[in-house]
Structure formats: C-alpha cells, structure tokens
Amino acid sequence: MAACASWWLWVTREEVEMVKQIAGELRNHAPFTALGSVTGIAIMVIVVFGKVSPQISQGIFYTLHPLHVLLSALVTTAMFKKHTQGKLLPAIVIGYAGSIGIATISDSLIPYAGGALLGIEMEFHIGFIEKWWLVNPLAFAGIAIGYLRPTTKFPHSGHVLLSTWASLFYLTAFGISPWIPLVHFVFIFLFLAVWLPCCISDIVFPLLFTPKIPLPARSQR
C-alpha cells in the first residue's frame, strides 16, 4: 500500500515538473514571438501599401511554409534524439508528425480560423496535400538533418520567424480584406499561431515521447 502511494507521489511530482518546464519555455519564448509578430505586421503594411497581389503572396507562402516544415522537422527530431537513445523509426514518426501536423495548424488552420472569425472571406489550403511533392520531401530532409546533426538553438529562432511570416502570407494570399484596420487583431492571431504551436512542436511534443527521468528522491527525515 505504501509502495502504491509512493508511486503515485512520484508520478505527480514528475507531472508537476513537466508542467513547470513547459510553462517556463512558453514564458521564455513569448518576447521573441511578440517581436516576430511585429515584423509580420510591418511586412503586412508593405504588402498592403505596395499593392502586392494575392498571387505573389501565394508564391511567398508556398516558399515560407515548406521552409518552416523543414526547420520544424529538424528541431523536433533533434530535440527527440538529444533526450533518447536515438532510435530511427520513432524519430521519423515524431519528426514528421511534429512538423507537418503542427506547421499546418500554425501556418494554415489558425490564420484561416482567425480570418473567418473576423468575417473575412478566406480560402482553405493545406500545404502538405496540395504541394505534397514539395512539403513532404522537405519534412524528411529536416528529419535527416536533425537526426544526424542534432542542434536546436538557431533553428528554433528561424522556425519562429518563418512560421510568423508564413501565417501572415496565408492571410494576404487567401483572404480578401483591407487588413490595415485589423492589424491589432492580426498581431494577436500571428502571436497565437506561432507561440503555442512552435513551442509544442520544438519542445513539448518530442519530450512527451522521451523516457521519463526520475526526479531526485526527497531526503528522508
């Protein structure tokens, strides 16, 4: 009975520590994500006043989104490998799901939902389906790089900026709106589209599948 109670105590402490770690990562990444969102607003102003066509925005989106997938796959795979024995098949599965899945949420689903909530006429597009020949190979390239040369610091910063700009160009490519009166809402959607998905993809998602490391035992009294 005592052993059972001790086991539950160990699990509870570990869960608390993981929540604290996740909260700390989200807090640490919020300022840079906000800065990235500011750059997104600056680019939107240029797009609007420069009268950049939706076709050009689409071309830019389908450049940034695959690059975002590449960096996301690299960081997710690298984070997983650094905290495990580095088995190849789990790394491929986690790297692919963490990059394709979460990049789609960040770059397409959240901007689409944000535009729809603002009453903007939005088109719905999924990159890894419509441009499967481009997006999926880059995901596997990112997995290979992350597995063979695991590094996370610089790619994560690049990941945040690419995600911000990809989300922005989804709005200007597939949404019809004057945009400038809505920039404060756009800032919020850009921040949310990047902050949670990118941190989940790069940090939380791979750690969910790593072996649990026991916390230090409490000193006996």
Take the residues in the stretch 107-136 that are of a type in the set (A, V, I, L, M) and surrounded by fewer than 15 Cβ atoms within 10 Å (Cβ to Cβ), then tell me which one is nearest to Tyr62 (Cα to Cα).
-> Ile129
Can you name the helices (runs of 4 or more DSSP H) wholly within the stretch 49-143 that have at least 2 residues being within 21 Å of Leu192 (Cα to Cα)?
-> 54-82, 110-117
Scanning for something touching a His at 6+ places or on another chain (Cβ under 6 Å), at pLDDT 95 or above and among the aliphatic types (A, V, I, L, M), does the stretch 156-172 turn up at least one residue?
-> yes
Among the numbered conditions (1) under 18 Å from Trp165 (Cα atoms); (2) of a type in the set (Lys, Arg); (3) buried (at least 19 other Cβ atoms within 10 Å of the Cβ), tell me where Lys81 comes up short.
-> (1)
Kindly check whether there is at least one residue in the stretch 145-156 that is of a type in the set (A, V, I, L, M, F, W, C) and under 17 Å from the mean Cα position of the chain (by Cα).
-> yes
Please work out if Thr104 is free of Cβ contacts under 8 Å to residues at least 40 places away in the same chain and either buried (at least 23 other Cβ atoms within 10 Å of the Cβ) or of a type outside the set (Asp, Glu) (or both).
-> yes
Mind checking which residues of the stretch 70-91 are free of Cβ contacts under 8 Å to residues at least 40 places away in the same chain and among the polar types (S, T, N, Q)?
-> Gln85
So which residues in the stretch 73-90 are more than 13 Å from Pro137 (Cα to Cα) and within 17 Å of the chain's Cα centre (by Cα), if there are any at all?
-> Val75, Thr76, Thr77, Ala78, Met79, Phe80
Quick one: Ile46 ticks every box in (1) surrounded by 13 or more Cβ atoms within 10 Å (Cβ to Cβ); (2) of a type in the set (A, V, I, L, M); (3) at pLDDT 95 or above bar one, so which box is it?
-> (1)
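The values are calculated or read from the model by the stated rules, or taken from the named source; none is laboratory data. Everything quoted here is computed from the prediction, not taken from an experiment. Ideal geometry is used to build each Cβ from the backbone, glycine not excepted, and the neighbour counts take in all protein chains shown.
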